[in-house]
1. Only residues that are within 15 Å of residue A:110 (Cβ to Cβ) and touching a residue at least 24 places away in the same chain (Cβ under 8 Å): list them for region A:128-150, please.
2. Just checking, does region A:34-46 include any residue being over 26 Å from residue A:128 (Cα atoms), free of Cβ contacts under 8 Å to residues at least 12 places away in the same chain and among the basic types (Lys, Arg)?
3. Scan region A:1-47 for residues that are more than 20 Å from residue A:97 (Cβ to Cβ), aromatic (Phe, Trp, Tyr) and in a loop (DSSP other than H, G, I, E, B) and jot them down.
4. Please count how many residues of region B:10-31 are more than 7 Å from chain A (Cβ to nearest Cβ) and small (Gly, Ala, Ser).
5. Among the candidates A:64, A:81, single out the residue that is under 22 Å from residue A:97 (Cβ atoms), of a type in the set (Asp, Glu) and touching a residue at least 12 places away in the same chain (Cβ under 8 Å).
6. Just the residues that are within 8 Å of another protein chain (Cβ to nearest Cβ) and surrounded by fewer than 19 Cβ atoms within 10 Å (Cβ to Cβ), please, taken from region A:13-26.
Amino acid sequence: MGAVTYPNDKVVKFVDYNFVPVQIESSNTALMNQFKVTWTPAIFVLDADGNEIHHVVGFLAPEEFIPTFMVAKGKYYFNAEQHPEAQGMFEAALRDYPDSDAAAEAVYFMGVSRFKATHDPKNLRAAYETLTAKFPGSEWTKRAAPYRLIPE
Amino acid sequence: MALNICWLDDLAKAKEHARQTKKPILLDFFNPQ
């Protein structure tokens, strides 16, 4: 990460604009144990109280790092019930990185966020349909499978 | 001039900044070797 992803200009701008970045060496056993980290790189997104929102283990190239953490920031807003902001992050990930590994998760949480904001279950069904059309092999398509039963 | 991420090295300080800025924390555990 330190050699490829973190020096990337787009990543630097993205991280500094969207997050409070903190880097902890693996020799800090207290924090490693607190977060149950047994392998690095391990990257967490936390709220200001330290609650975990998202975590990833292993290398991410810049073109996967940015959409992965766009979705994570969307989940930060989603957890805070800030649905317009959450949907904005999911939309940005889908618009700018439609082929990334994070795109299917963005579709899933977009549907759930729209449902929570409107209470209209058709948003869940729409997410399922988009997932089956665009990401048939994704774990998020499997997780959305029950939404196929929602009437159109 | 190359850009760099302005990493903090203290989680407590990061929580303070997160409260002030209303941003989430990106916590990266790394092995420097």
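Computed from the coordinates by the stated procedures, all read-outs in this text should not be read as laboratory data. Note that the coordinates shown come from a computational prediction; the quantities given were computed from them, not determined experimentally. Using ideal geometry, Cβ is built from the backbone for each residue, glycine included, and neighbour counts are taken over all protein chains shown.
1. Once the filter is applied, which keeps residues that are within 15 Å of residue A:110 (Cβ to Cβ) and touching a residue at least 24 places away in the same chain (Cβ under 8 Å), region A:128-150 yields A:131, A:134, A:135, A:138, A:140, A:141, A:143, A:144, A:147.
2. yes
3. A:35, A:39 - these are the residues of region A:1-47 that are more than 20 Å from residue A:97 (Cβ to Cβ), aromatic (Phe, Trp, Tyr) and in a loop (DSSP other than H, G, I, E, B).
4. 1
5. So the residue among A:64, A:81 that is under 22 Å from residue A:97 (Cβ atoms), of a type in the set (Asp, Glu) and touching a residue at least 12 places away in the same chain (Cβ under 8 Å) is A:64.
6. Scanning region A:13-26 gives A:13, A:16, A:25, A:26.
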